Each structure stands twice: as structure tokens, then as C-alpha cells.
Amino acid sequence: MRHRFVAVALALALSMPSGAALAQFMDINTIISEIGTVKYYRMAERAASASGLRVVRLSSLAAAARSADRLHTSVVLQRRAVRELQESLALNPVARIAIRNAGLEIEDIVSAEIAGDGGGVLYADDL
């Protein structure tokens, strides 16, 4: 009985996506609304030590083109928060490599979703 419980628990753990995998489902409206929030600052803190990062261009998200003006307004209004995120990413060699390999600059990154395990997604403004 105990072995069956362990097997089921292991199967459940392996079938659940990691925090980084969950992060890929953020939509443009969520990204815009979270800029400058407590959660956003928490992601900025995690960014300096994150690993396993990938970069997503905002233009690849549904309805991104229609939300470009709102995004740019939010980035301007919350420029301090965005700058803090970018500065944290500049300290992280893994983030710098991921951003460079995507053909982007740190200044292009406007949001991040970083899980507790350090994996995550960086969102680049290419709108």
C-alpha cells in the first residue's frame, strides 16, 4: 500500500508543470496590469538569481497589437519599476545570455514571471 501511495505521489509531481511552464500562459492584459505591483517588484528581486529563463516577445501574445498603447502607457507611468527589473536582469549572466540569444536588449524587457525554483519567462516589448 505504501509503495502505491509513493508511486501515485511521484506520478502527480511529475505530471504537474513547473512554475516556469505555468508562466507561459500569461496574457497581455495580465502583464500590463501587473507592472508596478508588489508581485512585479517580487519578480524583479528574483530576476537577479533566476535560471532557466526564456524570452517571449509580446507580439506573439493574443491581442497584443490592440494593447500596445496601454502597455506603453503603463511602462512610462511605472518606469521606476521597469528599470528595477531591468537592473536586476543586468546582474544575472543567465538572463543576459537569454536576452542576447533572442536578439534583444535588456531595455526591451518589460515584465517577468519567475517561479520560486528560479525558472521563468521574460517578456520583451517588441510592439
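Within a Cβ distance under 13 Å of residue 46, other residues only, what is the Lys/Arg minus Asp/Glu net charge? If you can, show how the numbers build up before the last one.
Numbers: positive: 39, 42; negative: 45, 84, 113, 117.
Within the 13 Å Cβ shell, the charges total -2.
Apply the Karplus parameterisation 6.51 cos²θ - 1.76 cosθ + 1.60, with θ equal to phi minus 60°, to every residue of segment 86-94 and state each ³J(HN,Hα) to the nearest whole Hz, in sequence, with x for glycine and proline.
5, 5, 5, 5, 5, 7, 9, x, 5
For residue 99, what is the net charge nearby, where nearby means another residue's Cβ is under 14 Å from its Cβ and Lys, Arg count +1, Asp, Glu -1? Before the final figure, lay out each step's value.
On the way: positive: 54, 57, 96, 100; negative: 87, 105, 107, 108, 125, 126.
Result for the local shell: -2.
Which ³J(HN,Hα) values in Hz, rounded to whole numbers, follow from the phi angles of segment 40-49 under the Karplus curve 6.51 cos²θ - 1.76 cosθ + 1.60, where θ = phi - 60° and Gly and Pro get x?
4, 5, 5, 5, 5, 5, 5, 4, 5, 10
Dividing the convex hull volume of the alpha carbon atoms of segment 61-113 by its residue count, what do you get in Å³ per residue? Before the final figure, lay out each step's value.
On the way: hull volume 4.5 nm³, N = 53.
Measuring per residue, one finds 85 Å³ for the Cα hull of segment 61-113.
None of the figures in this text is laboratory data; all of them are computed from the coordinates on show. Bear in mind that the values here come from a model prediction, so they are computed numbers and not experimental data. Because the Cβ atoms are built from the backbone with ideal geometry, glycine has one as well, and the counts that use them run over all protein chains shown.
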